[in-house]
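**Student:** Before I ask anything, let me first share the structure, which is written out below as C-alpha cells.
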Amino acid sequence: MKPPILFSVIVLLCFSSGITACATRGVTSAEEYFSLGMAYFDMGKFAEAEKWLNRARSVNKTMVASEYNLGRIAYETGRFDDALKLFEKILAKDKDNVLALKAAAYTRIKQGDLQTAETLYSRVLELEPESADQGYNYALVLMALEKPEEAEEVLLKYKVTMADNKDTLLLFARVLKALNKVEAVDAYSQWLEENKDSKVQYEYAQVLESAQFYTKALEEYRAVIEALPPDKPAADAAGSGVQALNRTEVRFTVARLLLLADSEKDDGVKELETAVTEGFSDTEKLKPLLEEAGISTANKDEIRRIIDGIEKAAADKTAAEKAAAEKAKEDTAADVTPAPEPDTAGDESGGTGSSGAASP
C-alpha cells in the first residue's frame, strides 16, 4: 500500500526534523503507522520499523501487510523462527497469499527445511505459473534435494527467457550435467560466452570430457590452470556448491585424462609429476589409476613410482616432525632441571670440620 502524496510529504518533513517526535504528535491512523514503519524499513532501521508496524497490525485494515513486513524484518535480522511464525500466521488465514508463500519458502531454506520449501514453491507456481524467478528458486531446491529430473522439468517451462537470465541458464546447465546429458555442453558454452568464472569453466571441461570431446576438454582444463593462482583455491563466485578449485587438483585431472586418452604417451606422467612438484599428494586419487585397463603397463609403473615417492616424503616428514618434537621436549626438560644440592655429609655439628685445632 503506497501512502497518500500529502502523507509522503509529512514523512519527508519528519525525516528532516526528527521522525520520532513528529510521529508521536501527528500519526493517528493504522495506515500512517504502516507507512511510517515502511519508511524506517527502507532506511534499514528495523527496530523503529517494528515499533510502528506493531502499532499498525492492531487494526484489521493493515494487519496482514504489517505482519508480512514484520516477518521481513525478523528475516533480515536473522530471527528466522519469528519470521516463519508471522508468515505462517498469514497463511493460516489466507493459504493462497503468494507473498507469504514465497517468504515462508525462503525462510524454510534458511532453516534447512528443504522438503517444506519444495511444497511451498510448488504451491507458488500453481498460483503464478509464469514466474521465472520462482521457477528458478523451486528448481534450486529440487537440485539440493537431488531431484534433477524434476528440476529440469520445471526449468524447461522458462526456456524462452533463460538466455536473458544467467543464473537460470547456469542452473539449467548444472541440471543437465547432473543428468549426464550431452546438451549440457551447449548450455555451459552459452553461459561462458557472456560470463567468466573458473569454476564454471572447470564444470564445462568435465561435461566435455564426459561427452568424449577430449581435445576441447584439455583446452578448457589448461585454461582453468592458467587462471588459477598457485596454492590458492578459487572462490565459488558462481555458487556451484562444490569445493573450491585448487590448481594442483586441476593438474591431476589433466594428467588423469591424458593417461586415459593416450595410454602410449608419457604426457600424463609428466603432468602428474608437475602436479606433485606443485604440491599434489593425494595418493588415494592415484591408486585407482593402477586399476584402469586403458592405462599402459609402463605408465602404471611410473604411477607406482610417484605414489612411492609421495608416501616416502610423507613418512620422512612425519619422522622429522616427531624427532623435532622429542628434541624440543628434551630441551624443555633440561631447562627446568634443578641444580644438585651441596654435599654437607659429616658436618652435623655445624662446625668447620677438619680445619679446627686439636685438643691438648
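Every number in this text was worked out from the coordinates using simple rules, so none of it is lab data. No experiment lies behind these values; they were computed from the predicted model shown. Reconstructed Cβ throughout: ideal geometry from the backbone, glycine too, with neighbour counts over all protein chains shown.
**Student:** Based only on other Cβ atoms within 10 Å, what is the fewest-to-most ordering of Asp262, Asp197, Asp164, Asp186?
**Tutor:** The most exposed by this proxy come first: Asp164, Asp186, Asp262, Asp197.
**Student:** In addition: Which far-off residues, 5 or more places away or on another chain, put their amide H under 5 Å from the one on Leu245, with H placed in the peptide plane?
**Tutor:** Ala234
**Student:** Hey, which lysines would be in cross-link range of Lys177, C-alpha to C-alpha under 18 Å, not counting anything within fewer than 8 residues on its own chain?
**Tutor:** Of all the lysines, those that pass the test against Lys177 - Cα under 18 Å, at least 8 places apart if same chain - are Lys147, Lys159, Lys166, Lys199, Lys216.
**Student:** List the trypsin sites (Lys or Arg not before Pro) in the stretch 153-209 that DSSP assigns to loop (not H, G, I, E or B) and whose Cβ has at most 13 other Cβ atoms within 10 Å. Which are they?
**Tutor:** When the trypsin sites (Lys or Arg not before Pro) of the stretch 153-209 are filtered for loop state and at most 13 Cβ neighbours within 10 Å, Lys196 remain.
**Student:** Once the piece of chain linking Ala244 and Asp301 is laid out straight, how much longer is it, given 0.36 nm per residue of separation minus the C-alpha distance between them?
**Tutor:** So the chain would gain 17.4 nm between Ala244 and Asp301.
**Student:** Put a dot 7 Å past each Cα toward the Cβ at Lys45 and Glu146; how far apart are the dots in nm?
**Tutor:** Inter-label distance under the simple model: 5.0 nm.
**Student:** Run through the stretch 120-179 and list the GluC sites (Glu not before Pro) located in a DSSP loop whose Cβ has at most 13 other Cβ atoms within 10 Å.
**Tutor:** Sparse-neighbourhood loop GluC sites (Glu not before Pro): Glu130, Glu146.
**Student:** Using alpha carbons only, how many angstrom separate the centre of the stretch 247-290 from the centre of the stretch 197-225?
**Tutor:** Result: 16 Å between the Cα centres.
**Student:** Which lysines does Lys45 reach when only Cα atoms under 26 Å apart count, and residues fewer than 8 places away in its own chain are ignored?
**Tutor:** Within reach: Lys2, Lys61, Lys85, Lys89, Lys102, Lys110.
**Student:** Shifting gears a bit: So, in nm, how far is label Lys159 from label Arg79 when the simple model puts each one 7 Å beyond its Cα toward the Cβ?
**Tutor:** Here the modelled spin labels are 4.7 nm apart.
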